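The values are calculated or read from the model by the stated rules, or taken from the named source; none is laboratory data. This one's a predicted model, so the numbers in the text were calculated from it and none came from an experiment. Virtual Cβ from ideal backbone geometry, glycine too; neighbours counted across all protein chains shown. Just so you know, the surface numbers come from the protein's heavy atoms only, side chains and all, with ligands and any DNA or RNA stripped out. Shrake-Rupley method; radii C 1.70, N 1.55, O 1.52, S 1.80 Å.
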Amino acid sequence: MEFKLDERLEGDTYFVGDLPLCRVLLMNVSNFPWIILVPRLQGITELFHLSESDQIDYQKETNYLLEAMSEIYNSHKMNIASLGNLVPQLHTHIIARFKDDDAWPNPVWSFQNIVKYNEIQSMLEIDKIRKLVDDYA
């Protein structure tokens, strides 16, 4: 079965690139550096639905982007979450947080003043994250 991205994720994000297992998306929220990883496997809604080898690859790709984003953004804290209440397709949010960001110290989920990227901002941010994707070994 061919991989199809959930419609909500499709509408809320920009495509950045593909790692060996996951599609990397940029969340259309300029308040925080925020990406989403989605395994390119159809019908997967839970981490335990992945094969053992895919679980290892998913963890490696997630850890790589957590560390790489922490470095390029010089974040105070990296947030990671896999909720799936609104979007059942397995996906993981990775968000760089700063002590002076718009929502600190609260979770981004309850932040009300979301600002979407303009075209130039989104292209710059996509390029920054795409370099991380391209450098994945």
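Just one of the listed residues (W109, W104) is surrounded by 13 or more Cβ atoms within 10 Å (Cβ to Cβ) and more than 17 Å from L26 (Cβ to Cβ), namely W104. In the set (1) exposed (fewer than 13 other Cβ atoms within 10 Å of the Cβ); (2) among the basic types (K, R); (3) free of Cβ contacts under 8 Å to residues at least 24 places away in the same chain, K4 fails one condition alone, (3).
Only a single criterion out of (1) farther than 21 Å from L124 by Cα; (2) in contact (Cβ under 8 Å) with a residue 60 or more places away in the chain is not satisfied by H93, namely (1). For region 112-127, the candidate set comprises residues that are of a type in the set (D, E, K, R) and in contact (Cβ under 8 Å) with a residue 24 or more places away in the chain; within that set, the residue that is least open to solvent (accessible area, probe 1.4 Å) is E125.
Could you run through region 18-75 and say how many residues are among the small types (G, A, S) and either in contact (Cβ under 8 Å) with a residue 60 or more places away in the chain or within 30 Å of D100 (Cα to Cα) (or both)?
So in region 18-75, the residues among the small types (G, A, S) come out as 30, 43, 51, 53, 68, 70, 75.
Add one more test, that the residue is either in contact (Cβ under 8 Å) with a residue 60 or more places away in the chain or within 30 Å of D100 (Cα to Cα) (or both), and what stays is 30, 68, 70, 75.
Total satisfying the criteria: 4.
Residues of region 27-43 that are crowded, with 16+ Cβ neighbours inside 10 Å and either within 10 Å of Q89 (Cβ to Cβ) or aliphatic (A, V, I, L, M) (or both): M27, V29, I35, I36, L37, V38, P39, L41. Within region 44-91, the residues that satisfy the criterion of being open to solvent by less than 40 Å² (accessible area, probe 1.4 Å) and of a type in the set (F, W, Y) are Y58, Y73. Inspect all residues belonging to region 14-26 and state whether any of them is open to solvent by less than 70 Å² (accessible area, probe 1.4 Å), within 24 Å of E119 (Cα to Cα) and out of contact with any helix residue (DSSP H, G or I) (no Cβ under 7 Å at 6 or more places or on another chain). Checking region 14-26: at least one residue is open to solvent by less than 70 Å² (accessible area, probe 1.4 Å), within 24 Å of E119 (Cα to Cα) and out of contact with any helix residue (DSSP H, G or I) (no Cβ under 7 Å at 6 or more places or on another chain). Selection of region 113-137 for residues being within 11 Å of A68 (Cβ to Cβ) and not in a helix (DSSP H, G or I) yields D135, Y136.
Please tell me if G84 is at positive phi and more than 14 Å from the chain's Cα centre (by Cα). It is false that G84 is at positive phi and more than 14 Å from the chain's Cα centre (by Cα).
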